[in-house]
Amino acid sequence: MVEFIQHQKEWLTIATALLICCLLFSFAVLFSKLLRAIHSHAFFQPCTLPGVQANHLVFYLFALLSMYKQSRPNCPALTLSVLLQGLGGICRIFRDEKLFRIYLLFKPAVFFYKPESVEVVLSSSTLIDKGREYNLLAPWLGTGLLTSTGPKWRFRRKLLTPTFHFTILEDFIPVFHEQSSVLVSKLKRLDSEAWVDVVPLMTSCTLDIICQTAMGVCINAQGDDNDDYVKAVHEIGNAFMYRVLRPWLYPDIIFKCTAFGQRFRTNLQKVQGFTRKVIKDKKAAMIESGKLSPIATNAPEGSPMLRKKRKAFLELLLEHHLKDPSFTEEDIREEVDTFMFEGHDTTAMALSWTLYLLGTHPEIQKVVHDELDDIFQNDVERDVTRDDLSHMKYLECVIKETLRLYPSVPIIGRECNESFQVGQKFAIMEEKTVLANILRRFRVISLDTRDKVLVQPNLTTKNVMPLRLRFEKR
């Protein structure tokens, strides 16, 4: 009886295995037919450009699954790095074509990566529609310069361009020097450490700089005085990537119901509340001091009261607000939040990667040291001037080569709705000043070679593990 039962169990196991195989085979056949039907349907957009010969839906699902696994807690941070390396490999395969195409679900995505082809896209006056993923930034940045398009984008760009005139940037150099000096004092206390994760230090420094230059307030991020605000800014960036990797969270009504969505809204209220308070306080102070008044800003164009003057970022926005009430305080908030985000994280990563590469190439670092010693005559305490920055030719080359290897923003998205033929001074000045103040005093040593440092695409080009550097006094 026992033998009969065991025999029956064996047959049952075999039958179950066969049934599973049949079901999997049937699923594969149906899935294949479904894909062929999808490809022939009107909503599938065919593209004849060279690209990966792979099943489009399978490729998309694999990439999405990889990115989702990357975002899981306690998961080895490898998949996004592998995906980025895979894209790099495809770039090499299609190096002669200078572009390649993959499918993101049913839509072709064309990647440009050669300077001559990228230039055509970025210099176009018509290819300004942002990718759909940018819509996920709308709760935070609204329709500011980063996310807007069409006439609004052109108007905002024309309005904001004068705030980065070189005469304005000259006034920012003392701020660059002041905040980088705070950073140097922190590094001096850390020179006995075995290694230092440089990214948080650079992030706090650049956040202080952008707040002081763009908004005229010092949040003392390096001194942890506004720790809640700093953490909220970082949490919002993390929330964006969390949502990007989960398409089912794209609808606001679903995302708001999740615990992550609720934390996102809490952090958003902190950041936007801080920005709105700064705008109101700055507006009141400027009106009270006579620097800004509705009477003056309503004067006719060309009158002596409206002499053309270069204005700093927030001051210019407030002047335009009182001149044209349709440009509201909320519009100002969108642009301030946009530049707060764009102006600190990108520069922080550029500084971090530059220091890391200098630490892995001591011979290049020596040339930078020699250039700085020649400019400052071995005086490590003298303030950096605009004339000093203009003589830092080699350091500028180092920064630009770093940006080539580790671009601050790994991918820029555009929606193309028409056919076309394919044939940054604020940041550079800030980076030169910060690096000059560090490298005049320290020798940087990187503890990990480039093949061991994994890179992952995020809002900016991030390191997977800490960038381990050691700072030795010269």
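Each value in this text was obtained by applying a stated rule to the coordinates, not by laboratory testing. Keep in mind the model is a prediction, meaning the values are calculated, not measured. So basically every Cβ, Gly included, is an ideal-geometry build from the backbone, and we count neighbours across all protein chains shown.
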For segment 171-217, compute Rh as the Kirkwood radius over C-alpha pairs and then the Stokes-Einstein diffusion coefficient at 37 °C and 0.692 mPa s; write the answer in µm²/s, rounded to an integer.
289 µm²/s
So for segment 352-466, if I pair up every lysine 8 or more residues apart or on another chain, how many of those pairs have alpha-carbons under 26 Å apart?
14
Highest to lowest packing among 117-126, 238-247, scored as the average C-beta count within 10 Å:
238-247, 117-126
Using 7 Å Cα-to-Cβ label points, what is the MET465/ARG263 separation (nm, one decimal)?
2.5 nm
Taking the Cβ-Cβ separation of SER192 and ARG132 as r and a Förster radius of 35 Å, what is the calculated FRET efficiency to the nearest 0.05?
0.10
By per-residue mean of other Cβ atoms within 10 Å, what is the highest-first order of 206-213, 131-138, 338-345, 169-176?
206-213, 338-345, 169-176, 131-138
